[in-house]
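Undergrad: First, the structure itself, so that you have it in front of you.
The values are calculated or read from the model by the stated rules, or taken from the named source; none is laboratory data. Just so we're clear, the structure is a prediction, and the values are computed from it rather than from any experiment. With ideal geometry, Cβ positions are generated from the backbone for all residues, glycine too; neighbour counts draw on all protein chains shown. These area figures cover heavy atoms from the full protein model, side chains too; ligands, DNA and RNA do not enter into them. Shrake-Rupley method; radii C 1.70, N 1.55, O 1.52, S 1.80 Å.
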Amino acid sequence: MQQSPSDNMVNLTYLIYGLHLFSAINGVLTSAFVVTAFLSGWPSILAVFLNYVKRDAVRGTYLDSHFGWQIRTFWYALLWLLIGAVLVFTIIG
């Protein structure tokens, strides 16, 4: 049976989602691309840092899957950005 997370961890998870959202919206509203703003914006970098630091505190709760998803999303987006950059400079460009 899963444990119930503390209210602080739930609030932290909301904060982390908010940081990622802020970076994505910043990418839409400014001249930066959404993916590059998501990956290079300080809010997303701070969010991933918080994910790694607090990951042990949410183990065994439903928030563990949220933290894993947030971390994977960041790293897969970075991977696809790098693949896209390589393709632009080698095959497409």
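Undergrad: Taking the stretch 40-74, which residues are under 11 Å from the mean Cα position of the chain (by Cα), open to solvent by 40 Å² or more (accessible area, probe 1.4 Å) and within 11 Å of MET9 (Cβ to Cβ)?
TA: Residue satisfying the conditions is HIS66 alone.
Undergrad: Let me ask something additional. Which condition does ASN26 not pass, out of (1) open to solvent by 90 Å² or more (accessible area, probe 1.4 Å); (2) part of a helix (DSSP H, G or I); (3) modelled with pLDDT under 95, if it passes all the others?
TA: Only one criterion in (1) open to solvent by 90 Å² or more (accessible area, probe 1.4 Å); (2) part of a helix (DSSP H, G or I); (3) modelled with pLDDT under 95 is unmet by ASN26, namely (1).
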